[in-house]
Amino acid sequence: MSNFEVQRHDFREGAVVYLHGFLDAHTAPRFEEALVNLIHENRYKIIVNMRSLDYISSAGLGVFMGFIEEIRDKGGDIKLSNLSTKVYKVFDLLGFPALYDICEEEGQAREKFNL
């Protein structure tokens, strides 16, 4: 298994979160912590770039579901970008494309947020 990393790049009221490796039950708390920090900093326009994400489990998907309502209630959103075919299939299987704006490239998501 690959190591997991969360990196971020901040913009005015938003940020891009970069996920690397395997997002599963063991690593999901690190992703949760990143989202909590963004909310505490009033950064509600969040892009999650998954270009380097190799795997996502149901625990990883649960992190997205656990924060989306709060972020949208505060006038923000979570946009997803750069999903590999393998990762996209997991999101698609569970109906995430109906709930989240999924962009092919990070730049498209940044444009939608005016970041």
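Since every read-out is calculated from the coordinates, none of them should be taken as a lab result. Just so it is clear, the structure is predicted and the values come from calculations on it, not from any experiment. Quick reminder, even Gly has a Cβ in these numbers, built from the backbone with ideal geometry, and neighbours come from all protein chains shown.
Per-residue 3J(HN,Hα) values for region 103-115, derived from phi via the Karplus relation 6.51 cos²θ - 1.76 cosθ + 1.60 with θ = phi - 60°, read 10, 5, 10, 4, x, 5, 5, 5, 4, 4, 8, 6, 9 Hz in sequence order (x marks Gly and Pro).
Rounded to the nearest Hz, the phi-derived 3J(HN,Hα) couplings of region 22-35 under the Karplus curve 6.51 cos²θ - 1.76 cosθ + 1.60 (θ = phi - 60°) are 10, 9, 9, 4, 6, 9, 4, x, 5, 5, 4, 4, 4, 5, where x marks glycine and proline.
Residues whose amide H comes within less than 5 Å of that of Val48, counting only those at least five positions distant or on another chain, are Val17, Lys79, Leu80, Ser81 (H built at 1.01 Å from N in the peptide plane).
Quick one: what are the phi-derived ³J(HN,Hα) couplings along region 6-20, Karplus 6.51/-1.76/1.60 with θ = phi - 60°, whole Hz, x for glycine and proline? Each residue's phi maps through the Karplus curve to give 10, 10, 9, 10, 8, 10, 2, 9, x, 7, 9, 9, 9, 9, 10 Hz. Amide H contacts for Phe4 (H built 1.01 Å from N in the peptide plane; partners 5 or more residues away or on another chain; cut-off under 5 Å): Phe22. In the set (i) 0.96; (ii) 1.13; (iii) 1.38, the label that goes with Cα Rg over 2.2 N^0.38 Å computed for this structure is (i). Note on Ala25 and Ser52: the extension gain reaches 7.9 nm, defined as 0.36 nm multiplied by sequence separation minus the Cα-Cα distance. Taking Cβ atoms as reference points and 14 Å as the exclusive limit, the residues near Tyr18 contribute a net charge of 0, counting Lys and Arg as +1 and Asp and Glu as -1.
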